[in-house]
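Some notes on the structure that comes next.
The values are calculated or read from the model by the stated rules, or taken from the named source; none is laboratory data. All of these numbers come straight from a predicted model, not from anything done at the bench. Here Cβ is always computed from backbone atoms with ideal geometry, including for glycine, and neighbour counts include all displayed protein chains.
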Amino acid sequence: MSNKLTPLNEVHRRLGAKLISFAGWEMPVQYQGAVQEHLAVRTCAGLFDVSHMGEIEIKGNDALALVQKVTCNDASKLKDGQIQYSGLMTEKGTFVDDLLVHRLNAQHFLLCVNAANTEKDYAWICRHADQMNVEVLNTSDRYFQIALQGPLSLEILQPLTDTDLHSIKYYWFTFAKVANVPVMIARTGYTGEDGFEIYGQPEDAVPVWDAILDAGRPKGLVAAGLAARNTLRLEAKMMLYGNDIDETTSVLEADLGWILKLNKGDFLGREVLEKQKQAGVQRKIVGFEVLDKAPARDGYPIIVDSAEYGKVTSGSPSPYLKKNIGLAYLPTEKAVVGYEFAILVRGRQVPARVVETPFYKRKKN
């Protein structure tokens, strides 16, 4: 089967991007180079095509009830124009996916889900919408999504819109125009930096992309690919579905207790998670630093007390921090800052130490 193309595919070719197959899509992994793109996002700004992400809309009188049933965060706390990070749950309190829940109004929610999981998520939500007064729509093909990320994002985007971007708080969104094109602007991102995710109709993707890139180039804005997006989110300790979380990891094991609202009423997996919270979990995700020049890559085995214990879920050299970092699950009693263990790197045991996370935290203005 051939890969799907985002509305910006021709632009990536024009910019000389290296294109790869990712989650069923042809996507730019890098343009000039992953490290250069990563550092641009940390110091000025980067522009990402994230149109492969899925959009699922829930509409109707029972829209909130359905969102509450399938996710672990409390969507009843959202106001119109507000967003929350949440987990789409199995009955075991593990992840079908992680997602962003946008409240358009009391009867209309937009869920942004991971590209590889869109069909699965849609089927799962529909299955649990039975007997509810609600419409569940997979509207992914109605949107492009562009992420402008980095400390100069606001400065770059502001001249292209009449909306006061300062007034959009973190994890809120508004409807506006960018380069005279109607879009939705959300103050969210997957890099650990300030920035905006812009949603619009596919036919408008190229003019919006070009306008932002042209406006930002003099300030250091670069087009950035999946490789930089991955190292940026790792530095910020943002989870990657399929690596750090999946249908075998619970919310509490993944150190995401802050998105778990047990007192909101019933939802999928609540009983299991309540018991886990009382009894404690057997393992927990940690951030680590490699005490060696060799980077610990995704999937490398971990050695705890001379025995193999799981694998590195995400691991890479950190371009900004100039260290080899990663995430892994450890037995809970070992999941403490300062604990040292080993990682098997090409047959050699390399020392690593649990450190505070996130590895990188941006300075707030």
Legend entry - Verdict on Gln276 being surrounded by 14 or more Cβ atoms within 10 Å (Cβ to Cβ), over 23 Å from the mean Cα position of the chain (by Cα) and in contact (Cβ under 8 Å) with a residue 40 or more places away in the chain: yes
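Please state which one of Ala211, Ala227 is of a type in the set (A, V, I, L, M, F, W, C), touching a Leu at 6+ places or on another chain (Cβ under 6 Å) and assigned to a helix (DSSP H, G or I). Before you say what the answer is, go through the steps one by one.
Working: Ala227 fails: touching a Leu at 6+ places or on another chain (Cβ under 6 Å).
Exactly one residue qualifies, and that residue is Ala211.
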Legend entry - Lone qualifier among Val354, Val304, Val312, Val337 - being under 25 Å from the mean Cα position of the chain (by Cα), surrounded by fewer than 18 Cβ atoms within 10 Å (Cβ to Cβ) and hydrophobic (A, V, I, L, M, F, W, C): Val337
Legend entry - Enumeration of residues in the range 196-207 that are surrounded by fewer than 24 Cβ atoms within 10 Å (Cβ to Cβ) and of a type in the set (Val, Ile, Thr): Val206
Inset, instruction - Please tell me if Tyr320 is in a loop (DSSP other than H, G, I, E, B) and either crowded, with 18+ Cβ neighbours inside 10 Å or touching a His at 6+ places or on another chain (Cβ under 9 Å) (or both). - result: yes
Inset, instruction - Only residues that are more than 22 Å from the chain's Cα centre (by Cα), within 18 Å of Asp210 (Cβ to Cβ) and either crowded, with 21+ Cβ neighbours inside 10 Å or β-branched (Val, Ile, Thr) (or both): list them for the range 128-159, please. - result: Ile156
Legend entry - From Gln68, Gln84, Gln36, residue being within 30 Å of Val206 (Cβ to Cβ) and polar (S, T, N, Q): Gln36
Legend entry - Restricting the range 253-273 to residues that are in contact with a helix residue (DSSP H, G or I) (Cβ under 9 Å, 6 or more places away or on another chain) and free of Cβ contacts under 8 Å to residues at least 60 places away in the same chain, the residue that is farthest from Lys69 (Cα to Cα): Gly257
Legend entry - Test: Lys284 is of a type in the set (Lys, Arg) and under 15 Å from Ala254 (Cα atoms): yes
Inset, instruction - Mind listing whichever residues of the range 179-197 are part of a strand (DSSP E or B) and either over 20 Å from Arg14 (Cβ atoms) or touching a Phe, Trp or Tyr at 6+ places or on another chain (Cβ under 7 Å) (or both)? - result: Pro182, Val183, Met184, Ile185, Ala186, Gly195, Phe196, Glu197
Inset, instruction - Give Ile303, Ile259 a once-over and let me know the one that is at pLDDT 95 or above, under 29 Å from Gly195 (Cα atoms) and out of contact with any Asp or Glu (no Cβ under 8 Å at 6 or more places or on another chain). - result: Ile259
Inset, instruction - Inspect the range 104-127 for any residue being out of contact with any strand residue (DSSP E or B) (no Cβ under 9 Å at 6 or more places or on another chain), surrounded by fewer than 21 Cβ atoms within 10 Å (Cβ to Cβ) and under 18 Å from Gln84 (Cα atoms) and give the result as yes or no. - result: yes
Inset, instruction - Please tell me if Asp141 is acidic (Asp, Glu) and touching a residue at least 60 places away in the same chain (Cβ under 8 Å). - result: yes
Inset, instruction - Restricting attention to the range 279-301, report how many residues are under 23 Å from the mean Cα position of the chain (by Cα) and either among the basic types (Lys, Arg) or in a strand (DSSP E or B) (or both). - result: 8
Legend entry - Residue count, the range 212-265 (criterion: of a type in the set (Phe, Trp, Tyr) and either surrounded by fewer than 18 Cβ atoms within 10 Å (Cβ to Cβ) or more than 15 Å from the chain's Cα centre (by Cα) (or both)): 1
